[in-house]
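A short reminder: the numbers here are calculations on the coordinates, not readings from a lab. Since the structure is predicted, the reported quantities are computational estimates derived from the model, not experimental observations. As a convention, Cβ positions derive from the backbone with ideal geometry for all residues, glycine included, and neighbour counts pool all protein chains shown.
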């Protein structure tokens, strides 16, 4: 599916995966992105962090939703950062600031955030959560995408210990595909989406 200039002409999230440059870097799949963004409760004018931006698919979607707000895309892997940059440019986004470096140190100096997405932690999830908790504005929300039970547990435990309204969804998606001339549903890896909300903003 292609559109002039590579842009998605709809206000709804869920840009098809094929519209993003991805290389060998893991991509947050379309269906996962839609629910992750919904749990973030985005609005125009917000300041958002995307920690572990990877290919930048979530960065692109979130930046479109918060424009004229600013999204900070944080990524330590130079290859992934290049893909994030390419996808930002492909969608013509001028409200994304890229930060190439390792979190949480790379987050220092950024303005306080209304919303924070954490998709990759490089084994430093607890440190990142601690820093982001301090950087989050009152009534802010953090959303963590977890693919392991350890990340799910650590995120939930942290949220409860800090008094956040803490919830989680296990998302199992199967896509219809054609295999050998027949059609079948093929499952994607399950993802756990954790929402940590300050106050009743959930």
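Of all the C-alpha pairs in region 45-146, what % are more than 17 Å from each other?
43
FRET efficiency for residue 175 and residue 24, Cβ-Cβ distance as r, R0 = 30 Å, nearest 0.05?
Efficiency, from the Cβ-Cβ distance: 0.90.
Which semi-axes, in whole Å and largest first, does the equivalent ellipsoid of region 1-94 have when worked out from the alpha carbon gyration tensor as the square roots of 5 times its eigenvalues?
Three semi-axes, in Å: 18, 16, 13.
For residue 186 and residue 149 in the same chain, what is the full-extension length gain: residue separation times 0.36 nm, less their Cα-Cα distance, in nm?
Here the segment from residue 186 to residue 149 would lengthen by 11.1 nm.
Return one quarter of the surface area of the convex hull spanned by the alpha-carbon atoms of region 15-57, equal to its mean projected area, in nm².
3.4
Once you have the Cα-Cα distance between residue 11 and residue 139, take 0.36 nm times their residue separation minus that, and quote the gain in nm to one decimal.
43.6 nm
If you average the C-alpha positions of region 1-64 and of region 168-202 separately, how far apart do those two centres end up, in angstrom?
The distance from the Cα centre of region 1-64 to that of region 168-202 comes to 15 Å.
For the chain, what is the relative contact order in percent, using Cα pairs closer than 8 Å and at least 6 residues apart in sequence?
Relative contact order, the chain: 18 percent.
Give the whole-number value, in cubic angstrom per residue, of the convex hull volume spanned by the C-alpha atoms of the chain.
Each residue corresponds to 121 Å³ of Cα convex hull volume.
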